[in-house]
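Peer 1: After the structure tokens below, expect a handful of questions from me.
The values are calculated or read from the model by the stated rules, or taken from the named source; none is laboratory data. Note that the structure is predicted; figures quoted are calculated from it, not measured. For neighbour counting, all protein chains shown are included, and Cβ atoms are generated from backbone atoms with ideal geometry for every residue, glycine included. Just so you know, the surface numbers come from the protein's heavy atoms only, side chains and all, with ligands and any DNA or RNA stripped out. Shrake-Rupley method; radii C 1.70, N 1.55, O 1.52, S 1.80 Å.
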Amino acid sequence: VYTHHERNAKWKLIALLRRFWNEYSNRKNAKIYKNIVVDFMERKVYLSNKLVKLTSKEFELLKFMVNNVGKYMTKKEIFSAVWDYEEDTSRALEQIIFKLKSKIGKDYFTLSRKLGYKFE
């Protein structure tokens, strides 16, 4: 059961996301997924209307994953898209995903040892 204040906050967030969507969707400058807004032009990420500070690699990885929502992506695909080279033996990808989980939430990321990573 939601309180009046919680219902009000929910509808304000929905209205804000609609404004973002209307402003950016026609120009393909941003993606909105659930309560995340990824602004490609400004290189900013908003989570529930709050700015989330990301490093450039965190942003590039999130951008790639948001553009491939619901699809499993192999390490090779991710490295090719985000780092411009083939798979790396370092733990850079795991470290960045760990940081993104702490910044935007762990529930968005799924790992399958056979299939790869999925953003959902």
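Peer 1: Determine the order of D39, D84 by accessible area, beginning with the largest, at a probe radius of 1.4 Å.
Peer 2: Working: D39 5, D84 130 Å².
The ordering from most to least exposed comes out as D84, D39.
Peer 1: Right, something else. Using just the C-alpha positions of the chain as equal point scatterers, what log10 of I(q)/I(0) does the Debye formula give at each q in 0.13, 0.15, 0.20 1/Å?
Peer 2: Computed log10 I(q)/I(0) values: -0.56, -0.72, -1.13.
Peer 1: So with the 1.4 Å probe, I'd like the accessible area per residue for the chain, rounded to whole Å². Working shown, then result.
Peer 2: Values: 8150 Å² over 120 residues.
In whole numbers, the chain has 68 Å² accessible per residue.
Peer 1: Follow-up question, since we're still on this one. Determine the alpha carbon to alpha carbon distance for each of K28/K57; K10/K101; K34/K103; K12/K34; K75/K114 and list only those over 18 Å.
Peer 2: Working: K28/K57 21 Å; K10/K101 23 Å; K34/K103 15 Å; K12/K34 14 Å; K75/K114 11 Å.
Result: K28/K57; K10/K101 exceed 18 Å.
Peer 1: Can you give me the solvent accessible area of F64 with a 1.4 Å probe, rounded to the nearest 10 Å²?
Peer 2: Counting only protein heavy atoms, the figure is 50 Å².
Peer 1: To continue, here is another question. For the chain, what % of the accessible area comes from carbon and sulfur atoms, probe 1.4 Å? Can you show the working numbers first?
Peer 2: Values: 4160 of 8150 Å².
On the chain, the fraction of accessible area on carbon and sulfur atoms equals 51 percent.
Peer 1: With every protein chain in place, what's the accessible area of L62 (1.4 Å probe, Å², nearest 10)?
Peer 2: 0
Peer 1: Could you work out the helix-only [θ] at 222 nm for the chain, with each DSSP H run of four or more residues adding -39,500 (n - 2.57) and the total divided by the number of residues, to the nearest 500 deg cm²/dmol? Please list the in-between numbers first.
Peer 2: Working: 4 runs with 49 residues, N = 120.
Helix-only estimate at 222 nm: -12500 deg cm²/dmol.
Peer 1: In nm, give the distance between the simple-model label positions of K114 and L13, each being 7 Å from the Cα along the Cα-to-Cβ direction.
Peer 2: With each label placed 7 Å out from Cα toward Cβ, I get 3.5 nm.
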